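Data first, discussion second: the structure below is written as structure tokens.
The values are calculated or read from the model by the stated rules, or taken from the named source; none is laboratory data. Owing to the predicted nature of the structure, the values given are computational and were not obtained by experimental measurement. Note: ideal-geometry Cβ built from the backbone for every residue, glycine included; neighbour counts use all protein chains shown.
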Amino acid sequence: MKRILIVSPSKSFRERNSHLLVRSDFQITAVESGREALQHHRNNPFDIVVSELLLRDMGGDELCSLLRESQGRDGLSFIMVCYDIPAEIERVKRSMANYCITKPVQPVQLLKAVGDFASAKMLRDKRVPLRVKVKTVREGIGFYCISHDVSLTGILIETEEKLQLNEMIDCGFSLPGFGTIETKGETVRYVRMVDGRYKYGVQFSGLTRDDRHKIGQYVDSISADKTLAGQVDS
């Protein structure tokens, strides 16, 4: 379920767009200030934020920047709403928002923007099996790991090596049928198994467009194979 936050000092804006975005796979929260938005996000991060540029306690551009600091650019989609005047448009352009909608908000435009970002996040989060050797380098020292799965955002690896959380490493591996990937990554979670080995969730950092395309193609191909297998079995 995708979590969506609506931020506006206007009660009618919050209510109108909350009703507009209601779907079974969306959880909607609406608040009137940047401070409330930050508090809610700290407790349970949102996937998509729809915020007005002009809030009572801070600008929507400042709110966007603060949320990015806590979650990173790839983990959050930010839609900014402003008036169609040069000064406000320029502020949105300088901000870290993904998308700009001008007032009056057209329901079709907002629905499309939210739908596109929700679909993109589902694709980024989709993990598929990948069992290959991963050449890993940290501080100039190389070793090999075994991967378990991969997505557009990261890879799950297994190794005897003890890594630190938030440690930056270099990863190199092959995607069967789609070529090789060379990228940096950050260890964001781990679990120690009963045999003493470790599994690490590694979040990609700085994937090239070409590598992102390769991973996307691989994920789609495995997902399609699973769907076809399920249709045959049924």
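Within the range 27-84, work out how many residues are modelled with pLDDT under 95, assigned to a loop (DSSP other than H, G, I, E, B) and aliphatic (A, V, I, L, M).
Residues in the range 27-84 being modelled with pLDDT under 95, assigned to a loop (DSSP other than H, G, I, E, B) and aliphatic (A, V, I, L, M): 1 in total.
Conditions tested, residue by residue: (1) in the same structural domain as Val132 (by TED's automatic domain parsing); (2) of a type in the set (Asp, Glu); (3) closer than 16 Å to Thr136 by Cβ.
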residue: Glu158; (1), (2), (3): yes, yes, yes
residue: Leu163; (1), (2), (3): yes, no, yes
residue: Asp170; (1), (2), (3): yes, yes, yes
residue: Phe173; (1), (2), (3): yes, no, yes
residue: Gly177; (1), (2), (3): yes, no, no
residue: Tyr198; (1), (2), (3): yes, no, yes
residue: Gln203; (1), (2), (3): yes, no, yes
residue: Arg212; (1), (2), (3): yes, no, no
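When the residues of the range 62-73 are filtered to those that are surrounded by fewer than 21 Cβ atoms within 10 Å (Cβ to Cβ) and either closer than 19 Å to Val105 by Cβ or of a type in the set (Asp, Glu) (or both), which remaining residue is nearest to the chain's Cα centre (by Cα)? Lay out the reasoning, then the answer.
Taking the range 62-73 first, the residues surrounded by fewer than 21 Cβ atoms within 10 Å (Cβ to Cβ) are 62, 65-66, 68-73.
Now restrict to residues that are either closer than 19 Å to Val105 by Cβ or of a type in the set (Asp, Glu) (or both): 62, 69.
Numbers: Glu62: 20, Glu69: 14 Å.
My answer is Glu69.
Does Ile4 count as within 27 Å of Thr153 (Cα to Cα) and either assigned to a loop (DSSP other than H, G, I, E, B) or β-branched (Val, Ile, Thr) (or both)?
yes
Take the residues in the range 99-126 that are touching a helix residue (DSSP H, G or I) at 6+ places or on another chain (Cβ under 8 Å) and modelled with pLDDT under 90, then tell me which one is farthest from Arg23 (Cα to Cα).
We begin by selecting, within the range 99-126, every residue touching a helix residue (DSSP H, G or I) at 6+ places or on another chain (Cβ under 8 Å); these are 99-102, 105, 107, 110-111, 114, 123, 126.
Next, only the ones that are modelled with pLDDT under 90 stay: 123, 126.
Values: Leu123: 19, Lys126: 20 Å.
My answer is Lys126.
So how many residues does the range 1-48 have that are closer than 20 Å to Pro107 by Cα and polar (S, T, N, Q)?
Total meeting the criteria: 8.
Taking Ile155, is it in contact with an Asp or Glu (Cβ under 6 Å, 6 or more places away or on another chain) and aliphatic (A, V, I, L, M)?
no
Please enumerate the residues belonging to the range 10-39 that are in contact (Cβ under 8 Å) with a residue 24 or more places away in the chain and either within 15 Å of Glu69 (Cα to Cα) or touching a Gly at 6+ places or on another chain (Cβ under 9 Å) (or both).
Passing the criteria: Gly34, Ala37, Leu38.
Take the residues in the range 99-151 that are over 24 Å from Ser12 (Cα atoms) and part of a loop (DSSP other than H, G, I, E, B), then tell me which one is farthest from the chain's Cα centre (by Cα).
If we take residues in the range 99-151 being over 24 Å from Ser12 (Cα atoms) and part of a loop (DSSP other than H, G, I, E, B), then Gly140 is farthest from the chain's Cα centre (by Cα).
Could you count how many residues in the range 1-33 are touching a Ser or Thr at 6+ places or on another chain (Cβ under 8 Å), buried (at least 16 other Cβ atoms within 10 Å of the Cβ) and of a type outside the set (S, T, N, Q)?
Adding up the residues that qualify gives 9.
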